[in-house]
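Take a look at the structure set out below.
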Amino acid sequence: MSLQLRVNRKIIPVDAAPDTPLLWVLREHLGLKGPKFGCGVGACGACTVIINGIATRSCITPASAAVGADVTTIEGLSADGTHPLQQAWQQLDVPQCGYCQAGQIMSAAALLQHTPHPTDEQINDAMDGNLCRCGTYARIREAIHKAAAAANSTQSGSSAFHKPAAT
Amino acid sequence: MQFTRRHFLKIGAVAGGGLAIALYDLPWSDIRPFAEVYAAGGLSPHAFVHVHPDNTVTIMSKDPEIGQGIRTSLPMIIADELDVDWSQVHVVQADLDQAIYGPQFAGGSMATPINWEPMNMVGATGRRLMILAAARRWGIPADSCTTSGGHVYDKAGNRSFTYGELAADCAKLPVPDASSISLKKPSEYRIIGEFTPGVDNPAITTGKPLFGIDVTVPGMLYAVVQKCPVFGGTVKHANLDAIRRMSGVRDAFVIAGDQHTNNPAIEPGIAVVADTWWQAQAARLSLNVDWDTTAASPTAPEQSTESFNQKAAELLPQQPSYNLRSYGDLESAFRAPSTRVIEADYAYPFLAHATLEPQNTAARYQDGKLEIWTNSQAPAGGRGQVAKTLGISESDITVHMIRAGGGFGRRLRNEYMVEAAWISRAVKAPVHVLWSREDDFTHDSYRPAGWHHLKAGIDAHGRLTAYSQHLVTFGDGKSVESSAGIGPNEFPAGRVPNYQIGYSTMPLFLRTGPLRAPGSNAYAFVGQSFLDEVAHAAGRDPVDFQLELLANTYDGGGDRYYLPERLADVLRQVAEESGWRKRKSGNGQGWGIAAYACHLGFCAQVAHVSVDSQNRVRVHETWSVTDVGSQIVNPSAARAQVEGATIEGMGHTFVAVTLKNGTAHPTNFPNYPLPRMHQTPKMNISFRITEYSPTGLGEPALPPIIPAITNAIFAATGKRIRTLPLTHSGFSLA
């Protein structure tokens, strides 16, 4: 059965059962290995992608629910790893094992899109669904602040952050 | 006792291996090459360093990367001694080949102590080769040459070569004798000691395929293995025909496995193989299996945390079945009229590793040869296990080491590697085995639960005169399950005039294993909480009380790696940095302190907590001081290890795996509440630089944070935490 998905600004037909979780369509059908499998129940956030501007757990989202929506994965956040969040993550050496970090960055990108200058409290609220087993939280928070400041110094408002293309 | 670098490593070559075996259950085959390689005269720079004509340098990373940053820090050491710029360096992961690279495993905070001097020597030998090649070309003595930034310079003139220009000459030179190699002085380091982001950061932050789970091989199928909810249970019957007809399924079959629970080569279960992992997983959810739950042990279905609690309560007041160390006259000391006796029971639960990347491995069996892509922490042990189980030669197995999404000791076990190899051979295709989170929680090798009875005597001056400890643990008679034993020298052994430590066992069918700082992560909680309790009973400050003990030596002291002055120094320093003496606990605010030595490192931690009227605990701030010797290789990764250990230790106060009717609970993260971002305290992290050879940081900072937190809760509320998790005492983490 074929589904039409719009992933990272490309329309792609997928031959998968409609109830297949979006995570496994992305990983196994489209070869996008950035979103990670951690729990399968939406409890760890490793699979986080952005759907129509909202951070979404792709492991509990049926692929059929993403039809007609804009899906952005870590691979589509920037062409070359130069998104302010990606830069801040690299410079502050946020990752330890790194497995959760694509999901963390996608949750942070959704946050900054709506809240370009978040407080610690707002960051905690937005990021609490993303588990980091290695305990990199302090650096994640610092990196989000750094990215927010960097985006502010180069561009006004939230335009530096992810914005879904018009459907 | 102080070690020079060479002296320490000479000891480490023998005793370090012994340590690793004792603590981490690593097969000797993982350690032996270390001794052999050094006996044969060191490692060749040609294996580790490849200098290209354009003067870029490829450095091989020898060990498994599990998040400890080893893929960055070991190449940093080589690059600095080679005397190239870090920007010239490209790091490539080595395959498993211990004859070339020495021991290749991730465990026990051993990578730095094992590799520090060898990696220095590899780099410095490479630099020496460059100098010899340049000197020969110029026809001048070697000592007329110097190096910098990947160039050799003629000290007398204005001429130079890039390393790239000399690489071909170097390849023809014999490896110079180790005695002709001189190492840099620490003041000459330009890469070691600098904040260096991980070499994989660009790939991690852009979602490139990098982890074990991301490996694909042409023609590869995916497999799940359904195992019995009761560990080691076997399959009597299952609806395999129905499963084989499901969408995408290629095969479904029973793996007979074996029932040796402590380290089975391959666990019994049902393999479901499909075109995609999701198809295999969806099919497996339709399995109906009739299990023989008594296959591993006739009592397995009755075993539970509750029954262990009852049995432990019977054993604890009795004398230990096995004595580990005793000296002095304990009974007289306890009976003396001036002695005040304090007794307490402590307990802690089973814990899961819960690496965020579930267990997985890809394997391709073809024409009697195996190729394996794995994120194992002990790939050599895994290769041995695969060879034995499949009945093939180790030399027919190639192992590629892939970055792991966390390790924490879980991946020292290799059953997923055996599963992948077994299933690939059975279905005659490359196979990627991937466990679900539920598989991972219910078939872990758990941190063993434990129960302790402690007894202390204090004299009229508030000094500790006698100390006894009885551990009730799991085992069969004298032998204990993996990571379930305690050593004879547990603190305050050798620091108190009268001492006894021993243990008793009860049988367990479940598999246990090392979890980050094995043993220490439990014994620090027990010992440092009880010591805090005794200090308070004696009306003494816990820091003064502990420093007094650390200044004592009785019955020869502790083991030779336990250097009390190093522990005393980090304790003093953390007290100073945290303002310990000025802190006023009470009214829901508390400061707690603890210190512990393990894995050749010495760490003290202070925690500041608040407890609200609903008994919700918030850890606001921590201070740590760690002594891991003379040199921090990568300050970023070093701090990260302490940050991670602190957060993980916080988690240990609040999570538990419980056994009910032979089955482990929970089965996923919602009921295993590991710390989240809002619970992250402000962490003040210091390293105390000492003269000792550099040692590892994966583990030493974890054990003391747990009692620092529970002691702080006592300071805030007056309620002593003697059982983990905190929920047992009515507390929760806010």
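Please pick out the residue among B:Ala171, B:Ala135 that is touching a strand residue (DSSP E or B) at 6+ places or on another chain (Cβ under 8 Å), surrounded by fewer than 19 Cβ atoms within 10 Å (Cβ to Cβ) and either part of a helix (DSSP H, G or I) or of a type outside the set (Phe, Trp, Tyr) (or both).
Answer to the check: B:Ala135.
Among the residues of region A:13-25, the ones that are under 19 Å from the mean Cα position of the chain (by Cα) and either facing chain B (nearest Cβ under 10 Å) or in a loop (DSSP other than H, G, I, E, B) (or both) come to 4 in all.
Count of region A:123-144 residues, restricted to those that are over 17 Å from the mean Cα position of the chain (by Cα), surrounded by fewer than 24 Cβ atoms within 10 Å (Cβ to Cβ) and not charged (D, E, K, R), is 1.
Tell me, yes or no, whether region B:250-257 has at least one residue that is touching a residue at least 60 places away in the same chain (Cβ under 8 Å) and crowded, with 23+ Cβ neighbours inside 10 Å. No, region B:250-257 contains no residue that is touching a residue at least 60 places away in the same chain (Cβ under 8 Å) and crowded, with 23+ Cβ neighbours inside 10 Å. When B:Thr646, B:Thr626, B:Thr680 are checked against the criterion of being in contact (Cβ under 8 Å) with a residue 60 or more places away in the chain and among the polar types (S, T, N, Q), B:Thr626 stands alone in meeting it.
Looking at region B:691-704, is at least one residue over 24 Å from B:Glu565 (Cβ atoms) and touching a residue at least 40 places away in the same chain (Cβ under 8 Å)? Checked region B:691-704: no residue is over 24 Å from B:Glu565 (Cβ atoms) and touching a residue at least 40 places away in the same chain (Cβ under 8 Å). Every test in (1) closer than 17 Å to B:Phe408 by Cα; (2) surrounded by fewer than 19 Cβ atoms within 10 Å (Cβ to Cβ); (3) not basic (Lys, Arg) is passed by B:Ala640 save one, and that test is (2). Is it true that A:Thr48 is closer than 25 Å to A:Gly135 by Cβ, among the hydroxyl-bearing types (Ser, Thr, Tyr), touching a residue at least 40 places away in the same chain (Cβ under 8 Å) and in the same structural domain as A:Ile12 (by TED's automatic domain parsing)? So A:Thr48 fits the description; yes.
Please report, ordered by residue number, the strands (runs of 3 or more DSSP E) entirely within region A:32-113 with at least 3 residues that are among the basic types (Lys, Arg), closer than 17 Å to A:Tyr137 by Cβ and more than 10 Å from every other protein chain (Cβ to nearest Cβ). Give the steps one after another, and end with the answer.
Numbers: elements: A:48-51, A:54-57, A:70-72.
So the answer is none; nothing clears 3.
Can you find a residue in region A:1-12 that is more than 12 Å from every other protein chain (Cβ to nearest Cβ), within 15 Å of the chain's Cα centre (by Cα) and surrounded by fewer than 17 Cβ atoms within 10 Å (Cβ to Cβ)? For region A:1-12, residues more than 12 Å from every other protein chain (Cβ to nearest Cβ), within 15 Å of the chain's Cα centre (by Cα) and surrounded by fewer than 17 Cβ atoms within 10 Å (Cβ to Cβ): present. Taking the criterion of being more than 21 Å from B:Lys227 (Cα to Cα), of a type in the set (A, V, I, L, M, F, W, C) and free of Cβ contacts under 8 Å to residues at least 60 places away in the same chain, the residues of region B:391-418 that qualify are B:Ile392, B:Ile397. Would a scan of region B:573-586 turn up a residue that is part of a strand (DSSP E or B) and either over 21 Å from B:Ser529 (Cα atoms) or away from chain A (no Cβ under 14 Å) (or both)? Among the residues of region B:573-586, at least one is part of a strand (DSSP E or B) and either over 21 Å from B:Ser529 (Cα atoms) or away from chain A (no Cβ under 14 Å) (or both), which makes the answer yes.
Pick out the one residue from B:Ala178, B:Ala252 that is of a type in the set (Gly, Ala, Ser) and within 30 Å of B:Ile78 (Cβ to Cβ).
Going through B:Ala178, B:Ala252 in turn, just one is of a type in the set (Gly, Ala, Ser) and within 30 Å of B:Ile78 (Cβ to Cβ): B:Ala178.
Elements of the type strands (runs of 3 or more DSSP E) sitting completely within region B:589-647 and holding at least 3 residues that are over 23 Å from the mean Cα position of the chain (by Cα) and away from every other protein chain (no Cβ under 14 Å): these cover B:589-598, B:601-611. The residue list B:Arg411, B:Arg425 contains one member that is in a helix (DSSP H, G or I) and either modelled with pLDDT under 95 or within 14 Å of chain A (Cβ to nearest Cβ) (or both), which is B:Arg411. Residue-level check: of (1) of a type in the set (Gly, Ala, Ser); (2) within 11 Å of chain B (Cβ to nearest Cβ); (3) closer than 13 Å to A:Ala88 by Cβ, A:Ala150 misses just (2). Using the structure shown, decide if B:Tyr554 is buried (at least 23 other Cβ atoms within 10 Å of the Cβ) and farther than 30 Å from B:Ile689 by Cβ. No, not satisfied. Filtered by the rule that a residue be of a type in the set (S, T, N, Q) and in contact (Cβ under 8 Å) with a residue 40 or more places away in the chain, region B:470-495 gives B:Ser482, B:Ser483, B:Asn489. Are any residues in region B:197-214 of a type outside the set (Phe, Trp, Tyr) and at the interface with chain A (Cβ under 7 Å from one of its Cβ atoms), and if so, which ones? Result: B:Pro197, B:Gly198, B:Asp200, B:Asn201, B:Pro202, B:Ile204, B:Thr205, B:Thr206, B:Gly207, B:Pro209, B:Ile213, B:Asp214.
The values are calculated or read from the model by the stated rules, or taken from the named source; none is laboratory data. As the structure is a computational prediction, the values presented were derived from the model and not from experiment. Using ideal geometry, Cβ is built from the backbone for each residue, glycine included, and neighbour counts are taken over all protein chains shown.
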